[in-house]
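The values are calculated or read from the model by the stated rules, or taken from the named source; none is laboratory data. Bear in mind that the values here come from a model prediction, so they are computed numbers and not experimental data. Quick reminder, even Gly has a Cβ in these numbers, built from the backbone with ideal geometry, and neighbours come from all protein chains shown.
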Amino acid sequence: MTSIRHKNTNVDAVLDAARDCVLAVGVRRTTLTDIARRAGVSRMTLYRRWPDARRILADLMTRELTEIAGAVAAEAGPDGTARDRLVRALVAGVRAVRSHPLLRKTMEVDSDLLVPYLLQRRGASQNAFLRYLEGAIAAGHDDGSIRGGDPARQARSVLLVAQSFALSAPTMADDGHPLDAFDDELRDILERALTP
């Protein structure tokens, strides 16, 4: 998956400023005024592109998650079957999402903001992940490393599993069950689900 990069560097500066604000005070307490101040632009400049702070923050989350996905896909490398690459990318991606400072802050301070994307609708980043997963699964069908089936349905199922490990695994970790051990379980679940 390629990362989303904006042609206008002012957009990146605004999103970087929004990221700094969220890391400092959380999503709910981040205002358009705070973002404008950190970005060194006027509120009117922001209003020309975004109607409110919520839209800026949505673009920020999409950028951050898409960049994680792009980095993880590249990190998975060209070696092995399509299934090998996909499983490596998913396990690394789940680990990256769990440890990402912006996402951790959101889960700690404003976790209720994630609920609509888990229970009611898909977001832009979820749709981007699905496109990547469908392509990877189709490649696995082509090389025979992933069991046959509808790539779109398989991609959605894989995303459901990955989301639960990314967001909920910390609730299951304790002294007897370290978080890293769940990455091994995720790897095993994906291998079993995808192998022909």
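Residues in the stretch 51-101 that are more than 18 Å from R187 (Cβ to Cβ) and free of Cβ contacts under 8 Å to residues at least 12 places away in the same chain were compared, and the one that is surrounded by the fewest Cβ atoms within 10 Å (Cβ to Cβ) is P78.
In this entry, L130 is excluded by the filter for residues that are closer than 17 Å to M61 by Cβ and either in contact with a Cys (Cβ under 6 Å, 6 or more places away or on another chain) or at pLDDT 95 or above (or both).
Only residues that are assigned to a helix (DSSP H, G or I), surrounded by fewer than 16 Cβ atoms within 10 Å (Cβ to Cβ) and hydrophobic (A, V, I, L, M, F, W, C) were counted in the stretch 162-188, giving 3. For a quick check of your reading of the model, give me the residue pairs whose first member lies in the stretch 138-152 and is within 14 Å of V87 (Cα to Cα), whose second is outside any loop (DSSP other than H, G, I, E, B) and of a type in the set (V, I, T), with beta-carbon atoms closer than 8 Å and at least 6 apart or on different chains. Listed by first residue and then by second, the contacts come to I146/I137.
For E185, are the conditions met, namely being of a type in the set (D, E), out of contact with any strand residue (DSSP E or B) (no Cβ under 7 Å at 6 or more places or on another chain), under 17 Å from R85 (Cβ atoms) and without any contact (Cβ under 8 Å) to a residue 24 or more places away in the chain? The answer is no for E185. Filter the stretch 142-187 down to the residues that are under 18 Å from Y132 (Cα atoms) and among the β-branched types (V, I, T) and list them by number. Matches in the stretch 142-187: I146, V158, V161. Of the helices (runs of 4 or more DSSP H) lying entirely inside the stretch 16-130, those containing at least 3 residues that are in contact with a Ser or Thr (Cβ under 6 Å, 6 or more places away or on another chain) and within 26 Å of A162 (Cβ to Cβ) span 53-76.
Right, A17: at pLDDT below 95, more than 23 Å from A92 (Cα to Cα) and small (G, A, S) or not? For A17, the condition - at pLDDT below 95, more than 23 Å from A92 (Cα to Cα) and small (G, A, S) - is not met.
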